[in-house]
Amino acid sequence: QQRAAQKMMQVFNQIKPDDLHHSPRFLDVSLVLWHSNGQWLTIERNLTGDFRKYNNNTGEEIAPCCSLEDLLLAFSHWTYEYSCKELMVLDMQGVGEELTDPTVITADDQSGSRGEMVFGPDNLGDAAIKGFVQKHSCNLCCHRLGLKDLRERPGSFESSSEDEPLSEQEERDGD
């Protein structure tokens with residue numbers, strides 16, 4: 001997950017407007033096999049400083065208090081648009097511009113060939129994306145990136161026809 005998020009952050013940092021001065025990055029991770037029990041572990045550099053969590057894997061986000069926090073929340077929004085609404089990077093956390101342990105959320109329960117969830121059990125799928133769409137407040141960074149408010153867009157989770165009541169004609173047609 002961290003590698004996938006890292007690659008998207010690299011693209012994001014290349015395409016974002018120059019006046020968005022922060023260049024956040026995900027730490028490099030190493031995959032290590034623990035021979036005594038055959039378990040795989042990920043290892044990364046220890047972060048020191050004020051550790052913050054900006055959003056979680058259910059789509060809830062903090063009330064941003066600075067331009068870095070605005071940018072990180074806009075990054076989650078951008079990943080959804082960049083991936084053509086197929087995935088989103090959530091669970092943004094770290095110290096300053098150094099981030100760790102994100103969750104990559106896929107738009108639906110896309111299982112691997114052996115039935116396991118793509119990106120693991122923290123991938124809450126459509127529920128997490130819907131949560132983000134409903135709770136995210138676009139900020140100046142979203143607007144500078146050309147992102148539209150997710151709640152005002154036809155076809156977004158918020159305006160999905162499955163959540164709307166049936167019209168009288170649709171009710172009659174269903175009988």
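In this simple spin-label approximation, ALA63 and VAL11 carry label points 7 Å from Cα along the Cα→Cβ vector, and these lie 3.4 nm apart. Annotation for ALA4 and ASP50: the two label points, set 7 Å from Cα along the Cα-Cβ direction, are 3.2 nm apart. Taking 7 Å steps out from each Cα toward its Cβ at LEU140 and LEU27 produces label points 3.0 nm apart. Quick one: grab the alpha carbon gyration tensor of the stretch 28-70, order the square roots of its eigenvalues as a ≥ b ≥ c, and give me rounded if a/c is under 1.5, else prolate or oblate depending on whether a/b is larger than b/c. The shape class here is prolate.
Classified by the C-alpha gyration tensor, the stretch 2-159 has an oblate form. Its axis ratio a/c, with a ≥ b ≥ c, is 1.5 or above, and a/b does not exceed b/c.
Relative to the current alpha-carbon distance between VAL95 and LYS148, full extension at 0.36 nm per residue lengthens the span by 16.3 nm.
Taken together, the values in this text are just the output of simple stated rules run on the coordinates, not laboratory data. Because the structure is predicted, anything quoted here is derived from the model rather than measured. Positions of Cβ are backbone-derived with ideal geometry, glycine not excepted, and every protein chain shown enters the neighbour counts.
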